[in-house]
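*Asks:* After the structure tokens below, expect a handful of questions from me.
The values are calculated or read from the model by the stated rules, or taken from the named source; none is laboratory data. Everything quoted here is computed from the prediction, not taken from an experiment. For neighbour counting, all protein chains shown are included, and Cβ atoms are generated from backbone atoms with ideal geometry for every residue, glycine included.
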Number of protein chains: 2
Amino acid sequence: MSKVPTVYDVAERAGVSIATVSRVLRTPDAVRPVTRERVLGAVTELGYVPSGSARGLAERRTGVLGLYFPGFDALDEAAEFTVFTDDDDGAAGDEFSIVHEAAPPEDAGAATLFLDEVLRGAELEAWRRGFVLMVGVGRGDPATSVARDMAGRVDGLVVLANSVPDDVLERLSARIPIVVLAGPRRGDSNDHVTVSNAQGMAALTRHVLEQTGGRVPSYLAGPVDSPDGAQRWQGFQRAIAEAGLDLADVPVLRGDFSRAAGRRIGDELVRSGLPPALMSSNDQMALGVLDAFAAAGVRVPQDVVVTGFDGIDAAARSHPRLTTVRQPMTELGRAAIEVMARRLDEPDAPPMSVRLPVEVVLRDSSVRRG
Amino acid sequence: MSKVPTVYDVAERAGVSIATVSRVLRTPDAVRPVTRERVLGAVTELGYVPSGSARGLAERRTGVLGLYFPGFDALDEAAEFTVFTDDDDGAAGDEFSIVHEAAPPEDAGAATLFLDEVLRGAELEAWRRGFVLMVGVGRGDPATSVARDMAGRVDGLVVLANSVPDDVLERLSARIPIVVLAGPRRGDSNDHVTVSNAQGMAALTRHVLEQTGGRVPSYLAGPVDSPDGAQRWQGFQRAIAEAGLDLADVPVLRGDFSRAAGRRIGDELVRSGLPPALMSSNDQMALGVLDAFAAAGVRVPQDVVVTGFDGIDAAARSHPRLTTVRQPMTELGRAAIEVMARRLDEPDAPPMSVRLPVEVVLRDSSVRRG
DNA sequence: CAGACCAATGTAACCGCATTCATTTCCGGC
DNA sequence: GCCGGAAATGAATGCGGTTACATTGGTCTG
């Protein structure tokens, strides 16, 4: 590691100029096979790896795309561990601990899982297109600084809706293209990737009405400030209206998207009386409702139809299995990168949007048989 | 987006030299408050964001750490979608589809989830230390090229064991520090982060022997070439020997770490006769075994004790809930970054290793009550 | 065989920032 | 009001590549 080799070293060793070395690496056909081999030999011998910084500076592009997410839930302090060198074998200290785990853990990280999938889709697509992905996660206020930090290093930035203040976003988009993920289409000039929240919820609502003979379902809404929640509510609204029902007859409950909230509301419903169907605006709450119903001996879907929204993994494994609308999470990430790629190709094209289709997944919690 | 502002633009606008601009951004205290304000004003007005490439080149460090994983399972071709501009509202095309999902999906991506968690830990720690994280995923042969590609852009690279051929690794480590994750300690000069596989399995084995009154358990091994598998086997071996039992008496079965394999082996055991306990070298297989046992009406843990290893989420939700050894996945990522940070601080320190403790999680599948 | 062209290679000018070293400004003490 | 030293600022250089342009050496053509 004494000295990292540069083009100059390679050039000297191969007896050519640095321009030729550069050509061998970037446009191999432009150089005579003999010379090419000679240069490649020198590259191998020296273990030369081109500096991304220098290349990025010269080319005026980095080949890196950024993905910026709002924070994971802040984790606790780092567990301490001991570092040891390879002589010592580090035998000291606890190697394990034993825990009796009585109750199943509350499942917490739905949002996290969502992001993991998006990330995976983005990574895949980025790779296919020859980009590298840089991930940034915001934490509280310095979010802004992280985003700016990334902005200087990437050719384009994919931002999850609401993870960056609008004004910051605007400034960044003056420097590099921005693709906004999963947010509502705004009047801004950024590109957007969204999902068919409203359409999916409308389709699901029609299905539910069919199952309950057109009786008015209850609706379990999320936080008022959730754009996704708002779109889903719109879809619901539309389907209700189209069915000739009166929206005013719909009991609307409100939760915070958490499983606990669902449980609480489920308990309340058991006490106050069950609707023919309960349509939740996300899976977590629906699962909580199922918890409560199961505990109270309420039969789903016979006594009440229950549906969710999102398509998280746990929904496929609940008892009964939860009917839901699956968001194309991986696809979201992928589409974001694709849109970004187009934007980079054509910087001056008008703002683009992509709306991804959702999948209404009918499962036991909503399907009444024979 | 006509022209991206640079230090020069900022300097001109603020009526100072570029050196001063640079100082304002890097060592604010070195410049008089009045000037500082003037410069910052210009920065804001111009929407200046420093170029990561230029900075990286000048500073000879990028502030980026790389995380290199072996490939996700190759995903299928991209789903197509339509891009529309903001004028048109893209109403055409399917907005959703409806699916009847009869059976619960096979759960596939355990390895993937593992990586997600590691990534999260790494991201967190990287952020705390002021680094940005670049993720790269290898796919098949070009894996090498991705890794090299990253090597030119980062200050240090964390690679998952076996994801990069040894010779490539060696060349890369000549350029930047490498931290090997979750692999066995080799004779190389890289830094390592590992998990107490053997110690965890030994502790778990002692627990099982206790539950079964010292009767010899069966062991369900994984693929022969899995280093983790080997370490776990060693721990098992040791515990058996220490209990005064004869290893030759232990029936050893072999699977491929998949749930299907576990199911197959479970079926076989039902037919051929149950051992007092079955210790699997990973969770997936253990879950498969539970599937088979449940289908056959075998009671766990009364008829047979079953244990896994890894601590995947599904293990906490199985019926009965699976006793296992939890790997500190998030911690692994975090530790890797921490080791990397130390290495960057002290490039010439001797090779470091960290071995993280595991957690033996006792659940219903192994605990026989009064 | 000279002139024209083309392919292969070399030369040198950036790319945008950090930083060293020289220069200027500021301030307190007399 | 002047002087000396510290603080603030500016000029110039290097980081490691890419690439436009110049140069060289051949090959082809008439």
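*Asks:* Cβ-Cβ distance below 8 Å, separation of 6 or more or different chains: which pairs start in the range A:14-27 with a residue that is farther than 11 Å from A:Leu40 by Cβ and more than 14 Å from chain B (Cβ to nearest Cβ) and end on one that is more than 8 Å from DNA strand D (Cβ to nearest atom) and hydroxyl-bearing (Ser, Thr, Tyr)?
*Replies:* Listed by first residue and then by second, the contacts come to A:Val16/A:Thr35; A:Thr20/A:Thr35.
*Asks:* Something else about it: Scan the range B:331-343 for residues that are more than 8 Å from chain A (Cβ to nearest Cβ) and in contact with a Leu (Cβ under 8 Å, 6 or more places away or on another chain) and report the count.
*Replies:* 5
*Asks:* State yes or no: is B:Val300 assigned to a loop (DSSP other than H, G, I, E, B) and touching a Ser or Thr at 6+ places or on another chain (Cβ under 6 Å)?
*Replies:* Judged against the criteria, B:Val300 is a match.
*Asks:* Let me ask another. Filter the range B:207-226 for residues that are in contact with an Asp or Glu (Cβ under 8 Å, 6 or more places away or on another chain) and surrounded by fewer than 23 Cβ atoms within 10 Å (Cβ to Cβ); which is nearest to B:Arg342 (Cα to Cα)?
*Replies:* Step by step, filter the range B:207-226, then rank; the result is B:Pro223.
*Asks:* Output the residues belonging to the range B:49-60 that are among the hydrophobic types (A, V, I, L, M, F, W, C) and either modelled with pLDDT of 95 or more or more than 39 Å from the chain's Cα centre (by Cα) (or both).
*Replies:* B:Ala54, B:Leu57, B:Ala58
*Asks:* On to the next question. Among the numbered conditions (1) within 13 Å of DNA strand D (Cβ to nearest atom); (2) among the charged types (D, E, K, R); (3) out of contact with any helix residue (DSSP H, G or I) (no Cβ under 7 Å at 6 or more places or on another chain), tell me where A:Asp9 comes up short.
*Replies:* Result: A:Asp9 passes all but (3).
*Asks:* Kindly indicate whether any position in the range A:31-50 is in contact with a Leu (Cβ under 8 Å, 6 or more places away or on another chain) and more than 14 Å from every other protein chain (Cβ to nearest Cβ).
*Replies:* There is no residue in the range A:31-50 that is in contact with a Leu (Cβ under 8 Å, 6 or more places away or on another chain) and more than 14 Å from every other protein chain (Cβ to nearest Cβ).
*Asks:* Could I ask something else about it? Taking the range A:316-342 as the search range and keeping residues that are without any contact (Cβ under 8 Å) to a residue 40 or more places away in the chain and in a loop (DSSP other than H, G, I, E, B), which one is surrounded by the most Cβ atoms within 10 Å (Cβ to Cβ)?
*Replies:* Step by step, filter the range A:316-342, then rank; the result is A:Arg317.
*Asks:* For the range B:338-364, enumerate the residues that are out of contact with any His (no Cβ under 9 Å at 6 or more places or on another chain) and either among the polar types (S, T, N, Q) or under 13 Å from B:Ala182 (Cα atoms) (or both).
*Replies:* Answer for the range B:338-364, where residues must be out of contact with any His (no Cβ under 9 Å at 6 or more places or on another chain) and either among the polar types (S, T, N, Q) or under 13 Å from B:Ala182 (Cα atoms) (or both): B:Leu356, B:Pro357, B:Val358.
*Asks:* Taking only the range A:344-363 into account, find how many residues are facing chain B (nearest Cβ under 10 Å) and either in contact with a Leu (Cβ under 8 Å, 6 or more places away or on another chain) or assigned to a helix (DSSP H, G or I) (or both).
*Replies:* So the answer is 3.
*Asks:* Which members of the range A:1-32 meet the condition of being near DNA strand C (Cβ under 8 Å from one of its atoms) and either among the polar types (S, T, N, Q) or more than 22 Å from A:Glu59 (Cβ to Cβ) (or both)?
*Replies:* Answer for the range A:1-32, where residues must be near DNA strand C (Cβ under 8 Å from one of its atoms) and either among the polar types (S, T, N, Q) or more than 22 Å from A:Glu59 (Cβ to Cβ) (or both): A:Gly15, A:Ser17, A:Thr20, A:Ser22, A:Arg32.
*Asks:* Out of (1) within 11 Å of another protein chain (Cβ to nearest Cβ); (2) outside any helix (DSSP H, G or I), what's the single condition that is false for B:Ser163?
*Replies:* With (1) within 11 Å of another protein chain (Cβ to nearest Cβ); (2) outside any helix (DSSP H, G or I) applied to B:Ser163, the lone miss is (1).
*Asks:* Tell me the residue from B:Ala174, B:Ala241, B:Ala202, B:Ala198 that is assigned to a helix (DSSP H, G or I), hydrophobic (A, V, I, L, M, F, W, C) and away from every other protein chain (no Cβ under 14 Å), please.
*Replies:* None of the other options fit; the residue is B:Ala241.
*Asks:* Does A:Arg61 fit the bill of being of a type in the set (Lys, Arg), more than 8 Å from DNA strand D (Cβ to nearest atom), surrounded by fewer than 16 Cβ atoms within 10 Å (Cβ to Cβ) and within 24 Å of A:Pro347 (Cα to Cα)?
*Replies:* yes
*Asks:* So, of the residues in the range B:343-370 that are closer than 17 Å to B:Glu210 by Cβ and in contact with an Asp or Glu (Cβ under 9 Å, 6 or more places away or on another chain), which turns out to be surrounded by the fewest Cβ atoms within 10 Å (Cβ to Cβ)?
*Replies:* So, considering only residues that are closer than 17 Å to B:Glu210 by Cβ and in contact with an Asp or Glu (Cβ under 9 Å, 6 or more places away or on another chain), the one surrounded by the fewest Cβ atoms within 10 Å (Cβ to Cβ) is B:Leu362.
*Asks:* Okay, moving on. Scanning the range A:12-48 for residues that are loosely packed, with under 14 Cβ neighbours inside 10 Å and near DNA strand D (Cβ under 9 Å from one of its atoms), which turns out nearest to the chain's Cα centre (by Cα)?
*Replies:* Among those that are loosely packed, with under 14 Cβ neighbours inside 10 Å and near DNA strand D (Cβ under 9 Å from one of its atoms), it is A:Arg26.
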